[in-house]
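Below is one structure, written out as structure tokens; the observations come after it.
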Amino acid sequence: MYRYDEFDAAFVAERVAQFRDQVARRLRGDLTEEQFRPLRLQNGVYLQLHAYMLRIAVPYGTLSPRQMRKLAHIARRYDKGYGHFTTRQNLQFHWPALADVPDILNELASVEMHCIQTSGNNIRNITADQFAGVAADEIEDPRPYCEILRQWSSLHPEFSFLPRKFKIAIAGAPHDRAAIQTHDVGFHIVRNARGEVGFACYVGGGLGRTPFVAHKIRDFLPKSDLIAYTEAILRVYNLEGRRDNKFKARIKILVHEKGADAIRAEVEEEFARTRGATVSIPKEEIDRIGAYFALPDLPAQPARAGAFETRRAGDAAFARFVDQNVIAHKVPGYAIVTISLKSIGAVPGDVSAEQMDAIADLAETYSHDEIRVTHEQNLVLPHVALADLPAVYDRLVALDLATANIGLVTDIISCPGLDYCSLATARSIPVAQRISERFGDTDRAREIGELKINISGCINACGHHHVGHIGILGLEKKGVESYQITLGGAADENCAIGDVTGPGFSTDQVVDAVEKIVDTYLKVRTGKDEDFLSAYRRVGMAPFKEALYERA
Amino acid sequence: MLQVVSANRLVDGRVVYLDAQGNWVEKIEAAATFAGEAECAQGLEKARAAVAANLVIDPFAVAVIETENGRQAVSLRDAIRAKGPTIHYGRAARRT
Ligand code: SF4
């Protein structure tokens, strides 16, 4: 994985020292809250309902065991013994004291981590496919390009005060696991007719108050032009984005108002003007950064491992885990293991310090020192030898991290909602927990098959509800929680915004409503191989609506 | 409506309430109550002084009712601020 060079290390250390001074001045009263707020936000410190919250960037979702142990240490020493992984592949601590944050940042810097640009109107942490570099279907690893953009965009003077925040994601395989079409800019690594690898470019996606699927504005961008083209998009946005209205300030509104063709023309014009003058990434630099992400030296393994096959044949629970949470690695004899942070009834994305330490041990022993964070709030051990799978599984079972539910109805994305978030209009975590308990780790859940439920506690949509196969949005109606349901959303290469079913449901009704939707799906599907989304796309809203509102 | 004045403590962000002595305390039960708008305005005035003194941030009035089970904030948001998350978290969340 990427290692800081002297410049990176000095840069982060300087920022920590700067923030330490700013916090001291704030606590002494030399800075007012109005003066201090933008400074703390630039360092990832928010104020939530009960305490400050610190958001730590996990660039492109890749973590080392050393970093994970440091997060565990911070959780124990400065927080309440746990952390929360988010849909931005970041980690949030919900209880740090402001006075401790400089020390926390110092601890993070010692393992090459920081909180820079996890807030504010700048280019945020760049996300990627969690299976980057290991997926069997991948064209190329997106992380070197994320890292190149990260270095370019960190404290970029021209783009530090954009009209609004700006999120970029890169996917490296035809199957988009990074939800790139829901981002301000998405790059999809593709191969053109001549066999060259480059990027298809998407712009103007986003969820929140006004959700839009991104428009593709370019079919193929050569790799060396990645910075120049991103710069062209940001220039157009920086000049024309709606600074007059916070709710219209994201690039998706600009794209929507002017039209994708007009934006494409402007971006291409700016790109043509600056191309050559601005940074063209030399191949040597791409190779130099790429080398940090090279596949580790994986000792040859038999494509079929005896111990693994035997256990799989004789242990139904292990077999289920393998079916649901394990996928093929591009190197035969190895597997990619997804660790579910969604055990039945748990808080999606939460992980205790003890679990973090244990996952770090597992990664060290069995996964060549690598851990990944998924935007669906799970963790991944990317390089596990098939022969080691039984041992990894047994350890995960002991840690309550082996629920075999990846992609199932209980693998729910949920934002923190009103239990923590000062912007929330309703709780989301308890709804996720109740749905999880309703379906459980059961044959029924497996019979239902792939079904993504996403829950947000307000229209800001951090829980990506618009792109859930079933989306749940928590609102407040006359002082009580009310949940609006959408159906048919998708975050992958066939990205779609879900359709609202109709009037919302009370907190007492919402789990029953989800169950009715699931039962209706089971009734209308042609067979088990027609998953929820395909069935919905075929039959439409009518049967679901009928089931949900039959007495109305 | 009965109100109390709440804020977040500057140094650690924790939820605090203004008590009758002008101190900031963590328990909503210990907060000073204000019966009318005029009274509450006085409380908020004290809170603004505490903001200026860099003790607390973002003060506001919280509507409360006294019940058999003690004092409760009227809105769900304020109730969650007063009692903490409605879910088990951290160590408590671990199933044994
Ligand atoms: S969606 Fe709303 S409630 Fe949920 S984390 Fe985002 S801002 Fe908070």
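The values are calculated or read from the model by the stated rules, or taken from the named source; none is laboratory data. All figures in this text were calculated on a predicted structure; none of them were measured in a lab. Here the Cβ is made from the backbone with ideal geometry for all residues, glycine too, and neighbour counts use every protein chain on show. Heads up: the accessible areas ignore ligands, DNA and RNA and are worked out on the full protein's heavy atoms, side chains in. Shrake-Rupley method; radii C 1.70, N 1.55, O 1.52, S 1.80 Å.
A few notes on this one:
- Criterion (polar (S, T, N, Q) and within 11 Å of the ligand (Cβ to nearest atom)) met by exactly one of A:436, A:482, A:456: A:456
- Test result for residue A:177, open to solvent by 10 Å² or more (accessible area, probe 1.4 Å) and within 13 Å of the chain's Cα centre (by Cα): yes
- Residue in the range B:3-10 that is more than 10 Å from every other protein chain (Cβ to nearest Cβ), open to solvent by less than 40 Å² (accessible area, probe 1.4 Å), more than 30 Å from residue A:352 (Cβ to Cβ) and free of Cβ contacts under 8 Å to residues at least 40 places away in the same chain present: no
- Residue within the range A:165-185 that is free of Cβ contacts under 8 Å to residues at least 12 places away in the same chain, out of contact with any Lys or Arg (no Cβ under 9 Å at 6 or more places or on another chain) and either outside any loop (DSSP other than H, G, I, E, B) or not assigned by TED's automatic domain parsing to the domain that holds residue A:488 (or both) present: no
- Number of the exception - residue A:382 against (1) away from the ligand (no atom under 16 Å from the Cβ); (2) within 14 Å of chain B (Cβ to nearest Cβ); (3) out of contact with any helix residue (DSSP H, G or I) (no Cβ under 8 Å at 6 or more places or on another chain); (4) open to solvent by less than 20 Å² (accessible area, probe 1.4 Å): (2)
- Qualifying residue in the range A:398-410 (condition: away from the ligand (no atom under 16 Å from the Cβ), free of Cβ contacts under 8 Å to residues at least 60 places away in the same chain and not in a loop (DSSP other than H, G, I, E, B)): yes
- If you go through the range A:411-421 and keep only what is in a loop (DSSP other than H, G, I, E, B) and within 13 Å of the ligand (Cβ to nearest atom), you end up with A:415, A:416, A:420, A:421.
- Summed over the range A:439-467, residues that are assigned to a loop (DSSP other than H, G, I, E, B) and at pLDDT below 95 total 2.
- Candidates A:432, A:424, filtered to the one that is outside any helix (DSSP H, G or I), under 30 Å from residue B:75 (Cβ atoms), of a type in the set (A, V, I, L, M, F, W, C) and within 10 Å of chain B (Cβ to nearest Cβ): A:424
- From the list A:281, A:263, the one residue that fits, being open to solvent by less than 20 Å² (accessible area, probe 1.4 Å) and either of a type in the set (S, T, N, Q) or outside any helix (DSSP H, G or I) (or both), is A:281.
- A Cβ distance below 8 Å, combined with a sequence gap of six or more or placement on separate chains, defines the contacts here; from the range A:475-488, residues that are over 17 Å from residue A:209 (Cβ atoms) reach residues that are buried (at least 16 other Cβ atoms within 10 Å of the Cβ) and of a type in the set (Lys, Arg) in the pairs A:481/A:427.
- Which listed residue, of A:444, A:427, is charged (D, E, K, R), within 12 Å of the ligand (Cβ to nearest atom) and over 17 Å from the mean Cα position of the chain (by Cα): A:427
- Number of positions in the range B:30-47 that are closer than 27 Å to residue A:97 by Cα and loosely packed, with under 13 Cβ neighbours inside 10 Å: 1
- Pairs are defined by a Cβ separation below 6 Å, a sequence spacing of at least 6 or placement on different chains, a first member in the range B:59-81 that is at the interface with another protein chain (Cβ under 9 Å from one of its Cβ atoms), and a second member that is open to solvent by less than 50 Å² (accessible area, probe 1.4 Å) and among the small types (Gly, Ala, Ser); the pairs so defined are B:74/B:63.
- Residue in the range A:203-226 that is more than 29 Å from residue A:494 (Cα to Cα) and open to solvent by less than 40 Å² (accessible area, probe 1.4 Å) present: no
- Residues within the range A:48-70 that are aliphatic (A, V, I, L, M) and within 14 Å of chain B (Cβ to nearest Cβ), tallied: 4
- Applying the condition of being closer than 15 Å to residue A:398 by Cα and not in a loop (DSSP other than H, G, I, E, B) to the range A:335-352 and asking which residue is nearest to the other protein chains (Cβ to nearest Cβ) yields A:352.
- Restricting A:89, A:130 to residues that are assigned to a loop (DSSP other than H, G, I, E, B) and at positive phi narrows the list to A:89.
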